[in-house]
1. Would it be correct to say that residue 89 is under 19 Å from the mean Cα position of the chain (by Cα), at pLDDT 95 or above and either surrounded by 22 or more Cβ atoms within 10 Å (Cβ to Cβ) or assigned to a loop (DSSP other than H, G, I, E, B) (or both)?
2. Taking the criterion of being surrounded by 22 or more Cβ atoms within 10 Å (Cβ to Cβ) and assigned to a helix (DSSP H, G or I), would at least one residue in region 111-131 satisfy it?
3. Checking residue 49 against (1) under 23 Å from residue 143 (Cβ atoms); (2) in contact (Cβ under 8 Å) with a residue 24 or more places away in the chain: exactly one of these is not met. Which one?
4. In this structure, does residue 99 turn out to be of a type outside the set (Phe, Trp, Tyr), in a helix (DSSP H, G or I), touching a helix residue (DSSP H, G or I) at 6+ places or on another chain (Cβ under 7 Å) and surrounded by 17 or more Cβ atoms within 10 Å (Cβ to Cβ)?
5. From the list 159, 153, pick out the single residue that is at pLDDT 95 or above, over 11 Å from the mean Cα position of the chain (by Cα) and closer than 25 Å to residue 265 by Cβ.
6. Out of (1) small (Gly, Ala, Ser); (2) without any contact (Cβ under 8 Å) to a residue 40 or more places away in the chain; (3) farther than 30 Å from residue 314 by Cα, the odd one out for residue 9 is which?
7. Quick check on this structure: which one of 307, 327, 320 is over 23 Å from residue 171 (Cβ atoms) and of a type in the set (Ser, Thr, Tyr)?
8. Identify, please: which residue in region 122-144 is among the hydroxyl-bearing types (Ser, Thr, Tyr) and out of contact with any Phe, Trp or Tyr (no Cβ under 8 Å at 6 or more places or on another chain) and is, among those, nearest to residue 278 (Cα to Cα)?
Amino acid sequence: MKPNNYQGALQQPISSGFNAKSTASDVIKDIDLNGKIAIVTGGNTGIGLETTKVLAAAGATVIVPARDIEKALTNLQGIPGVEVESLDLITPASIDAFATRFLASGRPLHLLINNAGIMWVPLRRDSRGFESQLAVNYLAQFQLTARLWPALRKAHGARVVNVSSHGHQFAPFHFEDPNFLHRDYETLQGYGQSKTAVNLFSLELDNRAQQFGVRAYSLHPGSIGGTELGREAPLELFQQMGFVDAEGNLLPEVAASLKTIPQGAATTVWCATSPLLDEIGGVYCEDGDIAPLAAEEGMSPGVKAYSLDKDAARKLWQWSEKATGLSFTLA
């Protein structure tokens, strides 16, 4: 058994040579993905689209599951080696149907990139009663990965890359009331716990899956301009976060810190393809490298220790199986 990242045992930068300015094309340079199969959720907009373009340019066949097929076909037009499939991540039956179709193709799955997500939305619930950010950002990842497990194992060398966020620092996972049934809903708390769940899942998945040749990673892509992610967030929230002034104008220092979309996709692609990670998994990454541990108090660069806790990771796995009705057994 290879080392695991419980309690952040492997959580330190490895001098990858990349940084916040590196682009997805930079980190994949000289890497050949011919013959590899990838799935990129949300792969038709924002950093997901850039991820799709770069993986396809390196030779991979990229399946992009999308809720809006027409929009996906338009955005992906002209990119060779891309297939578009139907998938609505907030609908469990849609996840199952997509996975069933892929498994029926008999193909291995070398890269599963769980990129799609929602952010800072009003309180909504899915058909099961789960808060929507938790349902889309995390439970859909868990279910999709579980359903596609046979194809991941069949690849004899696969990676699962789960796009998380620095926003995991807003909240640990609230096991007592994850769906805000008995506490006031705060969208930042909902978003934060969904991304903490992504990190804990990646940690536990890697520990369980590495014996089958599958490694898992979570990552913060950075704060990125020009995406659709925050489209539902109220102006007051951006003001509260210190991003805009009273008139809603982006503050100059914030604008200067934003990544471009090619820079925002870089860490996803690095996690998916870097040979530096061949023997390392379960880590949280940012800026094209493994991130440091964050300070215990307040917001700071890196990953919070509660996001890499062994007991919480195992407890979340059990909670997720119960929540989804799935038995995610890897043997």
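The values are calculated or read from the model by the stated rules, or taken from the named source; none is laboratory data. Note that the structure is predicted; figures quoted are calculated from it, not measured. Note: ideal-geometry Cβ built from the backbone for every residue, glycine included; neighbour counts use all protein chains shown.
1. Yes: the conditions hold for residue 89.
2. No.
3. Condition not satisfied by residue 49: (1).
4. yes
5. Exactly one residue qualifies, and that residue is 159.
6. So residue 9 meets the others, but not (3).
7. Checking each option against the conditions leaves just 327.
8. Just the residues of region 122-144 that are among the hydroxyl-bearing types (Ser, Thr, Tyr), to begin with: 127, 132, 138.
Remaining after also requiring out of contact with any Phe, Trp or Tyr (no Cβ under 8 Å at 6 or more places or on another chain): 127, 132.
On the way: 127: 39, 132: 34 Å.
Per the criteria, the residue is 132.
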